[in-house]
Every structure is written in structure tokens, then in C-alpha cells.
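What follows is a single structure, written as C-alpha cells, with notes after it.
Bear in mind these aren't lab numbers, they're just calculated from the coordinates by the rules spelled out. All values reported here derive from a predicted model rather than from experimental measurement. All Cβ positions, glycine included, derive from the backbone under ideal geometry; neighbour counts span all protein chains shown.
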Amino acid sequence: MTYFLALKAEALYLADRTSEALETIGEAEALAERSEERWWCAELHRLRSEFLAATGADDGQCAVARGVIVTLDLAPLQGASAVGGRFPVETPG
């Protein structure tokens, strides 16, 4: 289910509805926590970072950096080695 919520969030983002996309990512993260369905968490963090970066908000910069770090930490544990290459923004480090 988290996968489909991520797809919905991407569609909302592409439709220039970033705030709704971020809400949907939050919904997916909450569902992953409740159901312990964590296989898509790295991608959810990546998407949140991408969406926050697109808002251009100054307070979002730290959240973007945290999301990138969490994604890069989680991805190898989940066998998602290619996820790091999907960032549209420069990654720290």
C-alpha cells in the first residue's frame, strides 16, 4: 500500500500540488509505521526530500538533508542500491 501512496504523491507533485503530495507521503509513512511495511521507506524519504526541495522554503533545507541521509542509510539495508542515484538535488558528503 505504501508503494501506491508514493505513486499518488508523485502524481500530485507532477500536478503542481506539492502540499498534497507531502501530506500523502506523511500518510504513507504513518501506514508503514503501523503495518511495519518498511520495504518502501527509503523511497518515501527520497520523495519527501525532493518535494521539500521544490518548495524552496528555508526551513525545509534541514529536512531535505535529513531525508537524503536517511534514504542513503536505509537503501542498502533494503537492497535498493540504485535509489541514491535518483536524487535531483546534490547529496551531502
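Please identify the GluC sites (Glu not before Pro) of the range 1-53 that satisfy two criteria: DSSP loop assignment and at most 14 other Cβ atoms within 10 Å. Which are they?
36, 37
Compute the Cα gyration tensor for the range 1-55, then decide on rounded, prolate or oblate, letting a ≥ b ≥ c be the square roots of its eigenvalues: rounded whenever a/c is under 1.5, prolate when a/b is larger than b/c in the other cases, and oblate in all that remain.
Taking the square roots of the gyration eigenvalues as a ≥ b ≥ c, the range 1-55 is prolate.
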